[in-house]
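Report on the structure given below.
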Amino acid sequence: MPGGLLKDQVFIALDLETTGLSAVRDRIVEVAAVKFSLREGILDTFSNLVNPQMLIPAVVIGIHGITQAMVADAPVFASLVPALQAFWQDGILLAHNASFDLAFLACELRRAGFAYPPHPTMDTCRLARILLPEAPNYKLTTLAAHFDLAMDGPAHRALPDSRACAELFKLCVSRLPEQAETPLESFWQHYPGVRNDVMQAAVAVDHPLTPPLNLAISQQQDVKIYYHNARNERTERVVTPLFLAGRGTFTYLEAFCHLRQENRQFRLDRMQFLGSA
């Protein structure tokens, strides 16, 4: 686990472009990351188109501009993993709306037979909501325009969005009382909600739901659950578990919810496991 001051850390701002919104059904078409430190600035960049081995819907092409022809000769994700692993080694991952990127990353790594990297991860969207209350909204494109963040390219492409994520984090740090001199552990204690770690053996390791959920994740198996929301309303759902993660002091399951037809987060302390679907 990294220690020291924020200025002593190496951060990896990550962004993915995809064929759609479901980490279960869709695939990555572009991956990019910016390695930087608050002391030295940008240290390195990584950017690659990815062959998703499926059609990219026209509506999605209209968003990021990545066409079928552009990815036809691109490598598949599995072949990029060794280079990615070398790039993000020992870094703290940053992503904007991190659960989206982490879900895709976890699924692609699992399909390729690789373990998820045991890196601490921070969500810059959650951090911006705390430290930039004057923002009109917290979409990355809005924040980049409102605060004149450097992107060096069009929005909704992975490398420019990664650069914007890095610049957003720097801006947020500038709002801290001690700025880059803030101790990392103190930062995490003060802002626990920005942590978004995908867990291998984490705080939920002794939770009774962990073994069956880990089995379902490894087998990519749908499960039935009862879920109680914040109003204590119970619904029965079929979900496809993606990964277990930690945020603040609680643990949740990131899963594709077949009822809502989108990725959702389910707190383990509000779940009842009913078995395979």
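Given the condition farther than 22 Å from V194 by Cβ, surrounded by 21 or more Cβ atoms within 10 Å (Cβ to Cβ) and modelled with pLDDT under 90, answer yes or no: does some residue in region 248-257 qualify? Steps first, please.
Quick first cut of region 248-257, residues farther than 22 Å from V194 by Cβ only: 256-257.
Cutting the leftovers down to surrounded by 21 or more Cβ atoms within 10 Å (Cβ to Cβ) gives us 256.
Going one step further and asking which of them are modelled with pLDDT under 90, we end up with 256.
Yes.
Any residue at all in region 83-91 that's assigned to a helix (DSSP H, G or I), over 19 Å from the mean Cα position of the chain (by Cα) and closer than 25 Å to T121 by Cβ? Walk me through how you get there before you give the answer.
Kept after step one, since they are assigned to a helix (DSSP H, G or I), are these residues of region 83-91: 83-87.
Filter once more, so that each one left must be over 19 Å from the mean Cα position of the chain (by Cα): none.
Checked region 83-91: no residue is assigned to a helix (DSSP H, G or I), over 19 Å from the mean Cα position of the chain (by Cα) and closer than 25 Å to T121 by Cβ.
Could you check, for region 202-210, whether at least one of its residues is of a type in the set (D, E, K, R) and at pLDDT 90 or above? Let's see the steps before the verdict.
If we filter region 202-210 for residues that are of a type in the set (D, E, K, R), which is where we start, we get 206.
Still in the running and at pLDDT 90 or above: none.
No, region 202-210 contains no residue that is of a type in the set (D, E, K, R) and at pLDDT 90 or above.
So if I check each of P177, P133, P183, P154, which one is surrounded by fewer than 16 Cβ atoms within 10 Å (Cβ to Cβ), of a type outside the set (D, E, K, R), farther than 20 Å from I92 by Cα and touching a Gly at 6+ places or on another chain (Cβ under 8 Å)?
Working: P177 fails: touching a Gly at 6+ places or on another chain (Cβ under 8 Å); P133 fails: touching a Gly at 6+ places or on another chain (Cβ under 8 Å); P183 fails: farther than 20 Å from I92 by Cα.
Exactly one residue qualifies, and that residue is P154.
Looking at A95, A72, can you tell me which residue is in contact (Cβ under 8 Å) with a residue 24 or more places away in the chain and either touching an Asp or Glu at 6+ places or on another chain (Cβ under 6 Å) or surrounded by fewer than 21 Cβ atoms within 10 Å (Cβ to Cβ) (or both)?
Values: A72 fails: in contact (Cβ under 8 Å) with a residue 24 or more places away in the chain.
Selected residue: A95, the only one of A95, A72 that is in contact (Cβ under 8 Å) with a residue 24 or more places away in the chain and either touching an Asp or Glu at 6+ places or on another chain (Cβ under 6 Å) or surrounded by fewer than 21 Cβ atoms within 10 Å (Cβ to Cβ) (or both).
Please give the helices (runs of 4 or more DSSP H) falling wholly within region 120-190 in which 2 or more residues are under 21 Å from the mean Cα position of the chain (by Cα) and either modelled with pLDDT of 95 or more or outside the structural domain of A13 (by TED's automatic domain parsing) (or both). Spell out how you get there, then give the answer.
Details: elements: 124-131, 140-146, 158-174, 184-190.
Ranges flagged: 124-131, 140-146, 158-174.
Of these, V31, V81, which one is touching a strand residue (DSSP E or B) at 6+ places or on another chain (Cβ under 9 Å) and surrounded by 14 or more Cβ atoms within 10 Å (Cβ to Cβ)? Break it down into steps so the answer makes sense when it comes.
On the way: V81 fails: touching a strand residue (DSSP E or B) at 6+ places or on another chain (Cβ under 9 Å).
Residue meeting the stated conditions: V31.
In region 98-118, which residue that is assigned to a loop (DSSP other than H, G, I, E, B) and in contact (Cβ under 8 Å) with a residue 60 or more places away in the chain is surrounded by the most Cβ atoms within 10 Å (Cβ to Cβ)?
Initially, region 98-118 is screened for residues assigned to a loop (DSSP other than H, G, I, E, B), giving 113-118.
Keeping just the survivors that are in contact (Cβ under 8 Å) with a residue 60 or more places away in the chain gives 115-116, 118.
Numbers: A115: 10, Y116: 17, P118: 12.
Within region 98-118, the match that is surrounded by the most Cβ atoms within 10 Å (Cβ to Cβ) is Y116.
Counting just the residues of region 9-26 that are modelled with pLDDT under 95 and surrounded by fewer than 23 Cβ atoms within 10 Å (Cβ to Cβ), which one comes out nearest to L242 (Cα to Cα)?
Initial filter on region 9-26 (modelled with pLDDT under 95): 20-26.
In the following step, the residues that additionally are surrounded by fewer than 23 Cβ atoms within 10 Å (Cβ to Cβ) were identified as 20-22, 24-26.
Values: G20: 16, L21: 14, S22: 11, V24: 8, R25: 12, D26: 13 Å.
Of everything passing the filter in region 9-26, V24 is nearest to L242 (Cα to Cα).
State whether one or more residues within region 8-23 are more than 20 Å from the chain's Cα centre (by Cα) and of a type outside the set (G, A, S). Explain how you work it out, then say what you get.
The first filter runs over region 8-23 and keeps only residues more than 20 Å from the chain's Cα centre (by Cα), leaving 8.
Filter once more, so that each one left must be of a type outside the set (G, A, S): 8.
Within region 8-23 (the criterion being more than 20 Å from the chain's Cα centre (by Cα) and of a type outside the set (G, A, S)), the answer is yes, since at least one residue qualifies.
What number of residues in region 215-229 are over 16 Å from R110 (Cβ atoms) and part of a loop (DSSP other than H, G, I, E, B)?
Result for region 215-229: 1.
What do you reckon, is R39 surrounded by fewer than 14 Cβ atoms within 10 Å (Cβ to Cβ), among the basic types (K, R) and under 21 Å from the mean Cα position of the chain (by Cα)?
On the way: surrounded by fewer than 14 Cβ atoms within 10 Å (Cβ to Cβ): yes; among the basic types (K, R): yes; under 21 Å from the mean Cα position of the chain (by Cα): no.
For R39, the condition - surrounded by fewer than 14 Cβ atoms within 10 Å (Cβ to Cβ), among the basic types (K, R) and under 21 Å from the mean Cα position of the chain (by Cα) - is not met.
The values are calculated or read from the model by the stated rules, or taken from the named source; none is laboratory data. From a predicted model like this one, the values you see are computed outputs, not experimental measurements. Note that we place each Cβ from the backbone using ideal geometry, even for glycine, and neighbour counts take in every protein chain shown.
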